[in-house]
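The values are calculated or read from the model by the stated rules, or taken from the named source; none is laboratory data. Source: prediction; values computed, not measured. Heads up, the Cβs are rebuilt from the backbone with ideal geometry, glycines too, and the neighbour counts pull from every protein chain shown.
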Amino acid sequence: MSLNETGSVDDTPEEIRLSVSSLNKSFKGRGAVLSDVSMQIRCGEAVALIGGNGSGKSTLLRCCMRLIEPDNGEIIFLRQNVSSLNKPQLRSLRSRIGLVFQKHNLVPRLSVLTNVIHGAVWREGSMRTYRHYTAPDRVRREAMICLEKVGLPHLAESRADCLSGGESQRVAIARALMQRPDFIIADEPVASLDPKVGREVMELFIRLNREEKLTLLYVSHDLDHALDYSDRLIGMSGGRVVLDGVSRKFSKGDLNEIYR
Amino acid sequence: MKYTDEHNALPKRFKMIAAWKFVMYVIIGVFFLYSFSGSGFSPSKLVSGCPNMGRILGEMFPPDIHRLSYISTAMFQTFQMAFVGAVIGIIISFFLSVLASRRNTPHISIYYASRFVIAFCRSVPDLVWAVIFVASVGLGPFAGTLTIIVDTVGFCGRFFAEAMEEVDKGPEEALQSMGARRLHIVMSAVVPAVLPSFVNTSLYALEKAVRSSVVLGLVGAGGIGIELKVAMDMFLYQEASTIIIGIFLLVVAVEQFSMYARREIM
């Protein structure tokens, strides 16, 4: 099954999938975390977001999903103004965006298959997706296809807390795919993985980006990954965007400047 | 930082406590000593009472087993009261604890209302609940069962809610980011995470319910307690010892089952 068959991915290459304008966010005691942040991400792009600790990358991602409320500014995500959405509309928007976390955030005591099926929660809207044994066959089948895409169909019945770090992150990606997403956001997806597994996961992301035409925005501290697995780089420092351009035009030395 | 002569002061082993804290500790200590008189604590009475205790224990043996079948029936009824009361109490506690956990409650007013109900159930002692229910529904095991339900809600409700508050937020955030509703998040992320704690608390509640159900009979709320009271009041110490041994075996059996279930489920 291709995600395109569902009609969820637009093939128009220039369509802007995410547009952030003059976004600001501050926290009590920490001051401004995001200052006048603006950026755009087009359909099918793979964009790496880089920057030092505390530069505002994760806050920016969470603001885009409205997991954190921004102070002001505009976010247009998949043609919807994120700030003006009511709760059901926001849930609907979130269901179209696969978010992959650094800590994977699987539900530990449940099976891999159940965790993947949770990706269909909004679409199915039924209690049957709480566990794999109550889910409809077509949902279970789709979850197995998503597990196949990440190379782990044999672990479907394993418990999520018995997986290695790499396997766990792949399951999190399968869960995101189960959402039939138009966009994937990954917040330091390989930070807790060893270099070999980290590279495998990044290759999986980029394969999904190329083959499934999934727009990808990920945060990385690994500059090699950022250069190798992205079309475009956005650099942040002190809550501001300080670099935005095509990846091949940058060297590792250029990127190191951001961390000074 | 390099450790040099300029920075050679070792950290203090103990921090100076604030004066008001010191005064508080002294007040608590003095009040403890003062409370000895109020509590009637008397080592001499304890020593002089030892022969009586020995006499009663002596009169308890050998246990009288003439009414064993009747005592067994009452004991079984005690367990039934505890079991039904604990299970119903646990089910009510689960729903109440969802409303009483700040992260899952639909509204802050519902949170406070649920917390109040749980605190009220817990703060009134079970014997007082038993007296109220005996007055309301009459003597017998139903009053005892209702008491155990309320007592279990007070106990489990608090621990269930606290377990829900402490659960890792990661899976919740993941489900939230996928567009899940609050109910789905609770059932799919919160409940699996707190399940070991729930099982542990529930089994402990069952043990507690069995112990409570023995005492409830003293105020007429069914079970073996009333038999024990009658036996003691009528100086039938041999029969009382049979009842006490029965209670001991029942409590130990429930605790052993509880330990086994913990090992298997966790």
>> Quick check on the range A:96-111. Is at least one of its residues more than 8 Å from chain B (Cβ to nearest Cβ) and either under 15 Å from B:S188 (Cβ atoms) or of a type in the set (D, E) (or both)?
In response: yes
> Do the conditions hold for A:G119, that is, is it within 12 Å of chain B (Cβ to nearest Cβ), surrounded by 21 or more Cβ atoms within 10 Å (Cβ to Cβ), small (G, A, S) and within 17 Å of the chain's Cα centre (by Cα)?
Replying inline: yes
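Which residue out of B:F36, B:F22, B:F83, B:F31 is under 23 Å from B:F155 (Cα atoms) and not in a loop (DSSP other than H, G, I, E, B)? Give the steps one after another, and end with the answer.
Numbers: B:F36 fails: under 23 Å from B:F155 (Cα atoms); B:F22 fails: under 23 Å from B:F155 (Cα atoms); B:F31 fails: under 23 Å from B:F155 (Cα atoms).
Step by step, each of B:F36, B:F22, B:F83, B:F31 is checked, and only B:F83 is under 23 Å from B:F155 (Cα atoms) and not in a loop (DSSP other than H, G, I, E, B).
Okay, residues lined up against (1) farther than 12 Å from A:L217 by Cβ; (2) free of Cβ contacts under 8 Å to residues at least 12 places away in the same chain; (3) out of contact with any helix residue (DSSP H, G or I) (no Cβ under 8 Å at 6 or more places or on another chain); (4) within 14 Å of chain B (Cβ to nearest Cβ):
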residue	(1), (2), (3), (4)
A:I50	no, no, no, no
A:S83	yes, no, yes, no
A:N86	yes, yes, yes, yes
A:R91	yes, no, no, yes
>> Suppose the filter is out of contact with any Leu (no Cβ under 9 Å at 6 or more places or on another chain) and either without any contact (Cβ under 8 Å) to a residue 24 or more places away in the chain or among the hydroxyl-bearing types (S, T, Y) (or both); does B:V191 pass it?
In response: yes
>> Considering only the range B:188-207, I want to know if a residue exists there that is touching an Asp or Glu at 6+ places or on another chain (Cβ under 8 Å), closer than 30 Å to B:Y260 by Cβ, away from chain A (no Cβ under 14 Å) and modelled with pLDDT under 95.
In response: yes
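Is it the case that B:L183 is within 14 Å of chain A (Cβ to nearest Cβ) and either surrounded by fewer than 21 Cβ atoms within 10 Å (Cβ to Cβ) or in contact with a Cys (Cβ under 6 Å, 6 or more places away or on another chain) (or both)? Break it down into steps so the answer makes sense when it comes.
Values: within 14 Å of chain A (Cβ to nearest Cβ): yes; either surrounded by fewer than 21 Cβ atoms within 10 Å (Cβ to Cβ) or in contact with a Cys (Cβ under 6 Å, 6 or more places away or on another chain) (or both): yes.
Considered against the rule, which asks whether it is within 14 Å of chain A (Cβ to nearest Cβ) and either surrounded by fewer than 21 Cβ atoms within 10 Å (Cβ to Cβ) or in contact with a Cys (Cβ under 6 Å, 6 or more places away or on another chain) (or both), B:L183 comes out as yes.
Quick check on this structure: which one of B:I71, B:I88 is surrounded by 14 or more Cβ atoms within 10 Å (Cβ to Cβ), more than 21 Å from the chain's Cα centre (by Cα) and within 21 Å of B:I148 (Cβ to Cβ)? Working first, answer last.
Working: B:I88 fails: more than 21 Å from the chain's Cα centre (by Cα).
Sole residue among the options that is surrounded by 14 or more Cβ atoms within 10 Å (Cβ to Cβ), more than 21 Å from the chain's Cα centre (by Cα) and within 21 Å of B:I148 (Cβ to Cβ): B:I71.
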> Yes or no: A:L67 surrounded by 22 or more Cβ atoms within 10 Å (Cβ to Cβ) and either free of Cβ contacts under 8 Å to residues at least 12 places away in the same chain or touching a strand residue (DSSP E or B) at 6+ places or on another chain (Cβ under 9 Å) (or both)?
Replying inline: no
> Looking at (1) more than 14 Å from chain A (Cβ to nearest Cβ); (2) crowded, with 17+ Cβ neighbours inside 10 Å; (3) in contact (Cβ under 8 Å) with a residue 40 or more places away in the chain; (4) not acidic (D, E), which is the only condition B:L99 fails?
Replying inline: (3)
>> Restricting to the range B:217-266, give me the number of residues that are surrounded by 22 or more Cβ atoms within 10 Å (Cβ to Cβ) and not in a helix (DSSP H, G or I).
In response: 4
> Taking the range A:140-152 as the region of interest, how many residues are crowded, with 19+ Cβ neighbours inside 10 Å and either within 14 Å of chain B (Cβ to nearest Cβ) or not in a helix (DSSP H, G or I) (or both)?
Replying inline: 4
> Mind checking which residues of the range B:186-214 are buried (at least 19 other Cβ atoms within 10 Å of the Cβ), over 30 Å from A:R91 (Cβ atoms) and among the β-branched types (V, I, T)?
Replying inline: B:T201, B:V210, B:V214
